[in-house]
Each structure stands twice: as C-alpha cells, then as structure tokens.
Amino acid sequence: MDDATAAPAPAPLLSVVTPTYNESENIPILVDEIHAALDGIPHEIVVADDDSPDGTWEVAEKLAVTDPTIRVMRRFHDKGLSAAVLDGMSVARGQYLAVIDADLQHDPAALPKMLDAVRAGADVCVGSRSTEGGGYGDWSASRRFVSWVATLIARVLLRVPASDPMSGFFVISEQAYARTAPSINPRGFKILLEFIGRNRGLTVAEVGYTFRNREHGETKLNGSVIRSYLLGVAELRLGRQVDPVFLLYVLVGIVGLGVNSLVFTIAEAFGVPRITTGLNDAVDPIEGSFVISVMVSIFVLFVLNNEFTFWEERYRGWKLAPAFGVFFLMSLVGTLVHVAVFKYLQSIGLLLSVLGTDWSRVAQNLIGATVALVVNWYLNSTYLWRRRQR
C-alpha cells in the first residue's frame, strides 16, 4: 500500500473517505463538489484506490500536489469496497468520518447536515434515499424492487434501525468507529450494514438525499452483488461459525427442488411412461417423470451453483463442458440416493393416507431430493469447485 500525501494540513474536523476503482473521470468532479459542500468546515479527502487500471490513483495524486487536503492510498492487497473504506478510515485524522462513493451518485451537499446530526449526538448519520427529502432518482421499477427486497431482508433479519441500510453514504464519529471497527468483516458487502449490524448500540440518524445517475465510468453492479449481499447478511445474522456458502448452496438447492417438483408434476400430468433399465430389479421400473425431473434439475443446479454459489471459482468458456460432466457424474451418485429414498418411501406409503396418491409421491420425491442435496454438497464442494481454490 502506497500513501502518497502532500504536506500535512491542520487536523480536520471531518475526513471524507472515498473508495475508488476506475473512477479517473469522476474523482476531480467529486473533489470539487466536496470542497464546495464543506466550504468553511475543516476537512480532508482520503482516496482509497484499489490500484485502478485507469489510473484513478494517479489522477488523485496529481490533484494532491496542489491540494493538501487530499490524501491518496494506492492499495495492492485485500482489494474490495469495504476493505478500502476501512483502510481509509484507519489513516483518517478527523473527529468525524464520512464515506461517499466516487461515482457521483451520492450528493456531497448532504454532508453538512449529516455532520451536524452526528455532532448533535448520533453515532452514525445515514444519507438515506428512503426518508423524508430522499429519493431514488431515475431508478427503474425493477431496480427499486430489488433494493426494497434487500432493505426488507436487512431490517427483518438484522433489525437495523435505518430506513436505507443499503446506503454507502454515511458519517460516523471517530469514537463509534473505534468501538466497532475491530469486529468489522473487511469482506462485508455493505460497510454501513457492517457497522450498524454488528454494533446494535449505535444511535442512528438519517438525512434525505436524492440518488444521482452515474455519468462517467461503468457501474460496479454485476452478477455477484446479490450473492455478496446474501453472504453478508448470513454472516451478520448467524456469525462466522456457519459457512454462508453452504447456505447459498441450500438456497440454490431449494430452487432446484422447486424445479424438480414442478417438472415431475407436469410430467406426471402428461402420463410419461415408466422406464425399465434392466440394470437393477430393485429400482426398476423407474418413473419416466422422475428421470425427466432429475435431468432438468441437474442442469439448473449446475448453472446456478456455477454462477451464484461458487462465483469466485466459477468455470468459463470451454471449461464449462468438462465441469458439467463432472457435476453430472457426481449428481448421479446423489440421484442413486434420491432413487433409493424415493422408492423406500413409496414402499412404506409415507403420507399416502394424508395427501393421496399423487401428492404423496410429490412429497416423497422432495424428501429424496433433499437427502441427495446433502450428498451432492459434500461431493461438489470437496472435488469440483473447492479443488479449483487450492
């Protein structure tokens, strides 16, 4: 990590930390907006850059030559938004610490009111899109819905006292930061959620602001965001004793069970005939609807696990075919378990008197698939995706 800093300025009242990655066009604009918003308030700007390929750190260093309030950290290790914020906070010299994104979507004009709220006694003041005076700008209905669901999950599962816990725009006192920082997960998805989720004793105030559209650079929103968020919530709610990746695997498995059950029911309705393999009298004949539902669910499970559960280890390009082949073979082992459990439950008539013939078979199929899910977790996490991590 390189800290290229101009001549030390007097100790600021407020340190504004901005984590950056490929924001070379935005950083000069952000600096000007912060200075304009905090005119008359002693402040510094800490740019924590993850060695951006577009040279964001270099642009910031050039600004720092003539602006002693700017401090630049060029980070080479442990990259990520939350880790960058924590590194920036660790070198900040202000009595109060602000966090703002460099993509110009957060409005620096809200900073004075947020600072006033913390100076008045709050531990944290959140720049909120959901409180009075706030808004989501030109967000589409689908993006608003995703944000609403994420906020609902945080408020219900974590019981955080904020209307917009997904915000990355906030001010915190140095004392509250010092009390909470040791417990923060630097790989957490949302740094605000880490602070207010881990320290329930923090008093939280809110100031409304309107979210702005990105004008330069590319959004960091991608397929890993939902995964990272769910991992973060699971880790905050359940602690680090439970493997959150397993919870994602179970979530994907539940989707797979739903697909399996749906396909099985449809195939049953169409009267798909039974299949005789001639390989094992104990399991022959096999329900044709069962075979179809298993094949479809195996494909769906591979896609979801590769793109969601094991995002960092996912396969790409030509490697997808052999990876699916291995996954398929491992799934066959789980399928044998599935068949055995399914046949056994049919033989004892589990739930037959309660649900009737058709729905009891659906239930028996789901139970067998659940047992197979556990078997497949061990095989796939040990031999397929886990092997790539080593």
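The values are calculated or read from the model by the stated rules, or taken from the named source; none is laboratory data. Only a predicted model underlies this, so the values are computations on that prediction, with no experimental measurement involved. Heads up, the Cβs are rebuilt from the backbone with ideal geometry, glycines too, and the neighbour counts pull from every protein chain shown. Areas reflect the complete protein model, heavy atoms only, side chains present, ligands, DNA and RNA absent. Shrake-Rupley method; radii C 1.70, N 1.55, O 1.52, S 1.80 Å.
Suppose we keep only residues that are loosely packed, with under 15 Cβ neighbours inside 10 Å and acidic (Asp, Glu) within region 117-149. Which one would you say is farthest from Pro161 (Cα to Cα)?
Out of the qualifying residues, it is Asp138.
Limited to region 358-382, what total is found for residues that are open to solvent by 40 Å² or more (accessible area, probe 1.4 Å) and among the aliphatic types (A, V, I, L, M)?
So the count comes out to 5.
Which of the numbered conditions does Gly278 fail, given that it passes all the others? Conditions: (1) over 19 Å from Tyr344 (Cβ atoms); (2) modelled with pLDDT of 85 or more.
(2)
So, of the residues in region 165-187 that are more than 14 Å from Ser15 (Cα to Cα) and over 16 Å from the mean Cα position of the chain (by Cα), which turns out to be most open to solvent (accessible area, probe 1.4 Å)?
Applying the filter and picking the extreme gives Arg179.
Of all residues being within 30 Å of Arg386 (Cα to Cα), modelled with pLDDT under 75 and out of contact with any helix residue (DSSP H, G or I) (no Cβ under 8 Å at 6 or more places or on another chain) in region 233-275, which is most open to solvent (accessible area, probe 1.4 Å)? Just the residue, please.
The extreme case among them is Gln241.
List the residue pairs whose Cβ atoms are under 8 Å apart, where the first residue sits in region 132-160 and is closer than 18 Å to Arg200 by Cβ, the second is open to solvent by 90 Å² or more (accessible area, probe 1.4 Å) and not aliphatic (A, V, I, L, M), and the two are 6 or more positions apart or on different chains.
Final answer for the pair search is Leu157/Arg237; Leu158/Arg237; Arg159/Arg200.
Considering only residues that are open to solvent by less than 40 Å² (accessible area, probe 1.4 Å) and part of a helix (DSSP H, G or I), which ones fall in region 62-77?
Ala64
Quick grid of which residues meet (1) in a loop (DSSP other than H, G, I, E, B); (2) among the charged types (D, E, K, R):
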residue	(1), (2)
Pro112	no, no
Asp116	no, yes
Thr131	yes, no
Arg144	no, yes
Ser147	no, no
Val171	no, no
Tyr177	no, no
Leu193	no, no
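Has region 19-26 got at least one residue that is assigned to a strand (DSSP E or B) and closer than 22 Å to Ala181 by Cα?
Yes: region 19-26 contains one or more residues that are assigned to a strand (DSSP E or B) and closer than 22 Å to Ala181 by Cα.
Which of the residues that make up region 316-357 are surrounded by 16 or more Cβ atoms within 10 Å (Cβ to Cβ), under 19 Å from Ser297 (Cα atoms) and either out of contact with any helix residue (DSSP H, G or I) (no Cβ under 9 Å at 6 or more places or on another chain) or free of Cβ contacts under 8 Å to residues at least 60 places away in the same chain (or both)?
If the condition is that a residue be surrounded by 16 or more Cβ atoms within 10 Å (Cβ to Cβ), under 19 Å from Ser297 (Cα atoms) and either out of contact with any helix residue (DSSP H, G or I) (no Cβ under 9 Å at 6 or more places or on another chain) or free of Cβ contacts under 8 Å to residues at least 60 places away in the same chain (or both), then Phe324, Val326, Phe327, Met330, Ser331, Gly334, Thr335, Val337, His338, Val339, Val341, Phe342 are the ones that fit.
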